[in-house]
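Participant: Supplied in structure tokens, the structure appears directly below.
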Amino acid sequence: MTASRSGKERMHIPSWPCLTSSQLHFGEDLRQLPFPLQAANRKYFYVARNGIYHIFRALGLANQENVLVPNYHSGNETSAMRAAGVNIRFYPILRDLQPDMEAIERLCGPETRALYVIHFMGWPQPMNRLVEFCRARGLLLIEDCALSFLSEFEGRPLGSFGEYAVYCLYKTLPIPNGAVLVQNRGHLQELDGLETLDPKRISVLSRSSELLLDSFRSRFPRAGAMLAGIKAVAGSTLTALSVERERVGNIEFDLDKVDTGMSSLCHWLLARFNYELIRNRRRANFQWLEHRLREKVNLLPLSLAEGVCPLFLPILVEDKKAVAAELTRCGIGVVELWNEGDPEANGPDSEDALFLRRHVLELPIHQNVSEAQLDYIAREVTRRVRPTERLRVPSAAQVAAAEEPTSAMEPVSLRA
């Protein structure tokens, strides 16, 4: 029963992980950091879009050169690229989140300098094919791991295949800000010499308080809601007083803040997280909720292969805005990723990307979500969402099987 029907207290399940002591490891024997946090050539930024801007600024592409970019994206990365002077050619992403390799082959020309790859929601792109594609054509491979920190492909961390990669840490970890740019090969002198600026303390304190408040509110929804209201008033007051803060999780690119680095608090926290626990809990939560929702709602054909650290559990819904609003009122922090992108991406090959933008809704399965909360999510979702044939997305194996020509059946002899 829902809270309104049974009288039970409504839950509060944040979209993003919140800070709790159970995720931290204290003591002298701090654990080895995962890639890229121990990479030799890395640089930390406040948000990932800052790193994307600096990659392309340092590359210094010629006016006629272009970069192939997926047409399913947030818009922050393309805004950063355009600010750095990049000419973008969009390639199609199919409904199963895989790239259209034939289209990439067709779009790649003599003036193409790089292939930009986004690993969606923790699931890797087909890196063997993409690495070979770039190697054969002399292209730079740039990996966007903003949604895929802690994920691997065939035993290798995502972001270790290309020349350059960028990560958004605060989507997977409960930190107030933080992104990493890593140079695996082809070190750029401009990046090596770049000095970042410290973020404003009010920005770090504001987001840190939200993380702590979400943790409290998850356990005590009513008291937490009251505190959230007080914090909202405080935030509105700061805005009215024109107190400027750097933000995270928003869709915009601010050229004036591209040199802002990650806060010292985040550096301290990164050394103390139990990364194995975080990855395992995300995988277990995804499997639990996927099992509860299977055949009751439309799911993307995503297999939780070994090494995948899922960011969300994506479902497909008819009326995305309406369902998102209803689940939000139930206290479930769903995420609409992404409703809009770069306007120039909506070309003749954008049908599948537009389908994803209209229908994909992400459910929280992060390391803070308890089994009781997963059960609550499953109940509330299945009350509001039904599977439909129109939203069914076949797997790559199903598509391949459907495309195989059927051979004529041999006549069967009925003689003994």
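Throughout, read-outs are computed from the coordinates displayed, never taken from laboratory work. Being a predicted model, the structure only gives us computed values, none of them experimental. Please note: Cβ atoms are built from the backbone with ideal geometry, for glycine as well, and neighbour counts cover all protein chains shown.
Participant: Out of residues 5 or more away from Tyr91 or on other chains, whose amide H comes under 5 Å of its own, with H placed 1.01 Å from N in the peptide plane?
Facilitator: Residues meeting the criterion, in which the H sits 1.01 Å from N, are Val69, Asn71.
Participant: Can you give the relative contact order of the chain as a percent, counting alpha carbon pairs under 8 Å and 6+ residues apart?
Facilitator: 24
Participant: Ok, one more. For region 276-291, take each phi angle, set θ = phi - 60°, evaluate the Karplus expression 6.51 cos²θ - 1.76 cosθ + 1.60, and give the result in whole Hz per residue in order, putting x for glycine and proline.
Facilitator: Running phi through 6.51 cos²θ - 1.76 cosθ + 1.60 with θ = phi - 60° gives 5, 4, 4, 4, 5, 5, 5, 5, 5, 5, 4, 4, 5, 6, 4, 5 Hz.
Participant: Ok, one more. Can you tell me which of 167-178, 357-368 comes out highest on packing, and rank the rest after it, using the mean Cβ neighbours within 10 Å? If you can, show how the numbers build up before the last one.
Facilitator: Values: 167-178: 25.7, 357-368: 22.4.
Packing order, densest peptide first, comes out as 167-178, 357-368.
Participant: Related question: Per residue of region 167-172, what does 6.51 cos²θ - 1.76 cosθ + 1.60 with θ = phi - 60° give for ³J(HN,Hα)? Whole Hz please, x for Gly and Pro, Karplus curve as stated.
Facilitator: Those phi angles translate into 10, 10, 7, 6, 7, 9 Hz.
Participant: Starting from the Kirkwood Rh over alpha-carbon pairs, what translational D in µm² s⁻¹ does the chain have by Stokes-Einstein at 25 °C and 0.890 mPa s?
Facilitator: Numbers: Rh = 22.8 Å.
Estimated diffusion coefficient is 108 µm²/s.
Participant: Applying a 10 Å radius around every beta-carbon, put 62-68, 201-207 in order of their mean neighbour count, most first. Before the final figure, lay out each step's value.
Facilitator: On the way: 62-68: 14.7, 201-207: 17.1.
So the order, starting with the most tightly packed, is 201-207, 62-68.
Participant: Express as a percent, rounded to the nearest 5, the fraction of DSSP beta bridges in region 26-192 (both residues included) that run antiparallel. Before the final figure, lay out each step's value.
Facilitator: Working: 12 of 29 bridges.
Given both bridge residues lie in region 26-192, the antiparallel proportion sits at roughly 40 percent.
Participant: Give me the extension gain from Glu371 to Glu340: residue separation times 0.36 nm, minus the current Cα-Cα distance, reported in nm with one decimal. Before the final figure, lay out the partial values.
Facilitator: Working: separation 31, 0.36 × 31 = 11.16 nm, distance 3.25 nm.
Computed gain between Glu371 and Glu340 is 7.9 nm.
Participant: Find the eigenvalues of the gyration tensor of the Cα atoms of region 26-192, then list the square roots of 5 times those eigenvalues as equivalent ellipsoid semi-axes, largest first, in whole angstrom. Provide the component values of the computation, followed by the final result.
Facilitator: On the way: eigenvalues 132, 64, 44 Å².
Rounded to whole Å, the semi-axes are 26, 18, 15.
Participant: Now for a separate question. Would you grab the residues whose amide H sits under 5 Å from the one on Leu140? Only those 5+ places off in sequence or on another chain, please, with H modelled 1.01 Å from N.
Facilitator: Ala114, Leu115
Participant: Something else about it: Give me the percent of DSSP beta bridges within region 108-167 that run antiparallel, rounded to the nearest 5. The partial results should precede the final answer.
Facilitator: On the way: 2 of 11 bridges.
Taking every DSSP beta bridge with both residues in region 108-167, the antiparallel ones total about 20 percent.
Participant: Restricting everything to alpha-carbon atoms, can you work out Rg to Rh for region 275-385 with a Kirkwood hydrodynamic radius?
Facilitator: Values: Rg = 14.6 Å, Rh = 14.8 Å.
Across region 275-385, the Cα-based Rg/Rh ratio is 0.99.
Participant: While we're on this one: Calculated FRET efficiency, Ser21 and Asp198, Cβ-Cβ r, R0 22 Å, to nearest 0.05? Could you put the intermediate results ahead of the total?
Facilitator: Working: r = 26 Å, r/R0 = 1.20.
With R0 = 22 Å, the Cβ-Cβ based efficiency is 0.25.
Participant: Further question: With a 10 Å radius around each residue's Cβ, average the other Cβ atoms per peptide and rank 156-165, 284-293, highest first. Write out the running numbers ahead of the final one.
Facilitator: Values: 156-165: 23.4, 284-293: 18.3.
Descending mean neighbour count gives 156-165, 284-293.
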